[in-house]
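Where a number appears in this text, it was derived from the coordinates with a stated rule and is not lab data. If you're wondering where the values come from, they're calculated on a predicted model, not measured in any experiment. Positions of Cβ are generated from backbone atoms using ideal geometry, with glycine treated the same way; all protein chains shown enter the neighbour counts.
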Amino acid sequence: MSSYDWSQFHVHMYYAAPLTEVFRRFSTGAGLASFFIYEARHQSSDGHVRTPDEMVQAGDEYHWTYVHDFGHSGHFIEVVPEQMLSFSFGDMRVAVSFREEGGLTEVDLHQTGCATEDPERAWQHLNCRSCWIYFLTNLRSVIVGGPDLRDFDHPNWNDSVSIGFVPGTVPGNPRPRS
């Protein structure tokens, strides 16, 4: 597969929900916490801390904490209500586009800037792709009234979708779980 482009990937998912609802799941702290992030803090460039239901804007900084013991910060690059948003994700960029298609809402997540050399390319491309599939599938469950698939009782088990996961250990730590 020498022609495979490791620098980017797309994940498409369809939702039986109005486009406005699906967009708000990605553009508000409360929406992101419903399927992806444990806690999302968003702040405008002038220091205004957004409420959980307030839509993010281009230039906003974010700090996201996940269910498992991990958090990171970045910024929103572009926000076009009910059409698309993009944000930094480490050295990468994630752009999420929304459109109505046959009575459903289509989400196209496009991550770019992934490393093209190992070992980083496996982590940034394969791991991020599998995690996005997991979280986008979780959003499908949450939207239809099903369970939130994240495991809040055993938060490090949520990392089992990661490449390099070793059952019985905490990711990044070779000691057995207690």
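Restricting the chymotrypsin sites (Phe, Trp or Tyr not before Pro) of the stretch 23-75 to loop positions (DSSP other than H, G, I, E, B) with no more than 16 neighbouring Cβ atoms within 10 Å leaves F70.
Annotation for E82 and Y4: the two label points, set 7 Å from Cα along the Cα-Cβ direction, are 3.9 nm apart. To the nearest ten degrees, helix 128-143 and the longest principal axis of the Cα atoms of the chain are 50 degrees apart. Using +1 on the beta carbon of Lys and Arg, -1 on that of Asp and Glu, and nothing else charged, what's the dipole of the stretch 10-169 about the Cα centre, debye to 20? Here the stretch 10-169 has a charge dipole of around 180 debye. For the stretch 96-143, applying the loop criterion from DSSP together with a ceiling of 13 other beta carbons within 10 Å to the GluC sites (Glu not before Pro) yields E117.
In what sequence do I133, I143, I37 fall when counting other Cβ within 10 Å, fewest first? So the ranking, lowest neighbour count to highest, is I133, I143, I37. Shown is the FRET efficiency for H110 and D151, computed with R0 = 41 Å from the Cβ-Cβ distance and rounded to the nearest 0.05: 0.90. Diffusion coefficient (Stokes-Einstein, Kirkwood radius over C-alpha pairs, 25 °C, 0.890 mPa s) for the stretch 9-93: 185 µm²/s, rounded to a whole number.
Principal semi-axes of the equivalent ellipsoid, √(5λ) from the alpha carbon gyration tensor of the stretch 10-169, are 23, 19, 17 Å from largest down.
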